[in-house]
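K.L.:
This is the structure I have questions about; it appears just below.
The values are calculated or read from the model by the stated rules, or taken from the named source; none is laboratory data. These numbers come from a predicted model, not from an experiment. Note: ideal-geometry Cβ built from the backbone for every residue, glycine included; neighbour counts use all protein chains shown. Side chains are part of the model used for accessible areas, which takes the heavy atoms of the whole protein and leaves out ligands, DNA and RNA. Shrake-Rupley method; radii C 1.70, N 1.55, O 1.52, S 1.80 Å.
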Amino acid sequence: MNEQLHIAGFAGSLRSQSYNRRLLEIAAELMPPGMRLEILDIDLPMYNPDLESQPLPEPVRRFREGVARADGLLIATPGYNHSIPAVLKNALEWLSRPLPDLPASGKLAAIMGAGGRVGTARAQTHLRQIAHSLNMLVLSRPEVLIANASAVFDEQGRLLDEAALGFIHQQMVALEAGVRFLQTRQSIGEMIRF
């Protein structure tokens with residue numbers, strides 16, 4: 001059980017200096033030694049059902065394959081208009097179709113976010129609802145809700161809030177434990193079938 005866990009992460013922002021993209025990078029630095037993070041690009045064409053019957057667009061294919069090969073997921077989202085950004089919703093749409101292939105199904109995901117006054121609490125709640133429809137499992141605690149992001153990140157992208165850094169580390173430890181628990185359960189289930 002000491003094999004390294006592969007976590008796929010993506011941020012719900014295309015902004016070049018995105019705080020949420022930076023959160024993923026910080027999480028990668030704070031992960032336990034048994035984990036590694038691959039950050040996936042979600043600059044994807046808009047979901048269109050007409051494209052399902054053709055070869056999927058190359059960026060979509062790469063994104064879906066990245067999610068499919070991951071042991072667990074890490075999603076960082078800003079909050080836009082009390083919800084998640086359109087770019088993140090679009091990426092999740094591509095994970096929901098074409099049926100029956102759902103690459104995120106059954107995977108444990110951790111959610112984090114950096115934003116304004118409420119630290120993406122509303123967006124994370126909405127994201128949990130969407131994840132449920134994709135049959136994803138979402139880690140409940142610890143939560144990473146970073147408020148007033150522009151005040152807690154310096155110009156070099158360093159997160160200056162020690163408590164937030166602690167929560168990120170705790171979340172990564174919990175994600176590792178949760179993914180390993182699910183893998184053990186799955187292995188036991190496979191052994192019982194034989």
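K.L.:
So is Leu145 free of Cβ contacts under 8 Å to residues at least 12 places away in the same chain and open to solvent by 50 Å² or more (accessible area, probe 1.4 Å) or not?
P.N.:
Spelling it out, it is not the case that Leu145 is free of Cβ contacts under 8 Å to residues at least 12 places away in the same chain and open to solvent by 50 Å² or more (accessible area, probe 1.4 Å).
K.L.:
Looking at the range 5-17 only, could you name the residues that are out of contact with any helix residue (DSSP H, G or I) (no Cβ under 9 Å at 6 or more places or on another chain) and touching a residue at least 24 places away in the same chain (Cβ under 8 Å)?
P.N.:
His6, Gln17 - these are the residues of the range 5-17 that are out of contact with any helix residue (DSSP H, G or I) (no Cβ under 9 Å at 6 or more places or on another chain) and touching a residue at least 24 places away in the same chain (Cβ under 8 Å).
K.L.:
If you go through the range 129-139 one residue at a time, how many are in a loop (DSSP other than H, G, I, E, B) and over 12 Å from the mean Cα position of the chain (by Cα)?
P.N.:
2
K.L.:
For the range 11-26, give me each residue that is at pLDDT 95 or above and among the polar types (S, T, N, Q).
P.N.:
Asn20
K.L.:
Output the residues belonging to the range 120-163 that are among the charged types (D, E, K, R) and either in contact with a His (Cβ under 7 Å, 6 or more places away or on another chain) or farther than 18 Å from Pro103 by Cα (or both).
P.N.:
Arg122, Arg141, Glu143, Asp154, Glu155, Arg158, Asp161, Glu162
K.L.:
Looking at the range 1-10 only, could you name the residues that are modelled with pLDDT of 95 or more and open to solvent by 10 Å² or more (accessible area, probe 1.4 Å)?
P.N.:
Answer for the range 1-10, where residues must be modelled with pLDDT of 95 or more and open to solvent by 10 Å² or more (accessible area, probe 1.4 Å): just His6.
K.L.:
Mind checking which pairs have a first residue in the range 172-186 that is farther than 13 Å from Pro33 by Cα and open to solvent by less than 20 Å² (accessible area, probe 1.4 Å) and a second that is among the charged types (D, E, K, R) and modelled with pLDDT of 95 or more, Cβ under 6 Å, 6 or more apart or different chains?
P.N.:
The qualifying pairs are Val179/Asp71.
K.L.:
Here's another thing I want to ask about it. Could you say whether any residue in the range 67-77 is assigned to a helix (DSSP H, G or I), polar (S, T, N, Q) and closer than 17 Å to Gln171 by Cα?
P.N.:
Scanning the range 67-77, I find no residue that is assigned to a helix (DSSP H, G or I), polar (S, T, N, Q) and closer than 17 Å to Gln171 by Cα, so the answer is no.
So that you can scan it fast, the table gives a plain yes or no per residue for (1) among the β-branched types (Val, Ile, Thr); (2) buried (at least 17 other Cβ atoms within 10 Å of the Cβ); (3) touching a Gly at 6+ places or on another chain (Cβ under 7 Å); (4) at positive phi:
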{"site": "Ser18", "(1), (2), (3), (4)": "no, yes, no, no"}
{"site": "Leu44", "(1), (2), (3), (4)": "no, yes, no, no"}
{"site": "Gln54", "(1), (2), (3), (4)": "no, no, no, no"}
{"site": "Gly72", "(1), (2), (3), (4)": "no, yes, no, no"}
{"site": "Val87", "(1), (2), (3), (4)": "yes, yes, yes, no"}
{"site": "Ile111", "(1), (2), (3), (4)": "yes, yes, no, no"}
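Residues are listed down the side, and each one gets a yes or a no for (1) within 25 Å of Pro142 (Cα to Cα); (2) buried (at least 20 other Cβ atoms within 10 Å of the Cβ); (3) polar (S, T, N, Q); (4) touching a strand residue (DSSP E or B) at 6+ places or on another chain (Cβ under 8 Å):
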site: Leu24; (1), (2), (3), (4): yes, yes, no, yes
site: Leu30; (1), (2), (3), (4): yes, no, no, no
site: Leu51; (1), (2), (3), (4): no, no, no, no
site: Pro59; (1), (2), (3), (4): no, no, no, no
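K.L.:
Here's another thing I want to ask about it. Name the one entry in Pro103, Pro142 that is assigned to a loop (DSSP other than H, G, I, E, B), under 27 Å from Arg180 (Cα atoms) and in contact with a Lys or Arg (Cβ under 6 Å, 6 or more places away or on another chain).
P.N.:
Being assigned to a loop (DSSP other than H, G, I, E, B), under 27 Å from Arg180 (Cα atoms) and in contact with a Lys or Arg (Cβ under 6 Å, 6 or more places away or on another chain) holds for just one of Pro103, Pro142, which is Pro103.
K.L.:
Looking at (1) in a helix (DSSP H, G or I); (2) open to solvent by 50 Å² or more (accessible area, probe 1.4 Å), which is the one condition that is false for Glu155?
P.N.:
The one condition Glu155 does not meet is (1).
K.L.:
Would you check if there is a residue in the range 27-34 being at pLDDT 95 or above, part of a loop (DSSP other than H, G, I, E, B) and among the aliphatic types (A, V, I, L, M)?
P.N.:
Yes, because at least one residue in the range 27-34 is at pLDDT 95 or above, part of a loop (DSSP other than H, G, I, E, B) and among the aliphatic types (A, V, I, L, M).
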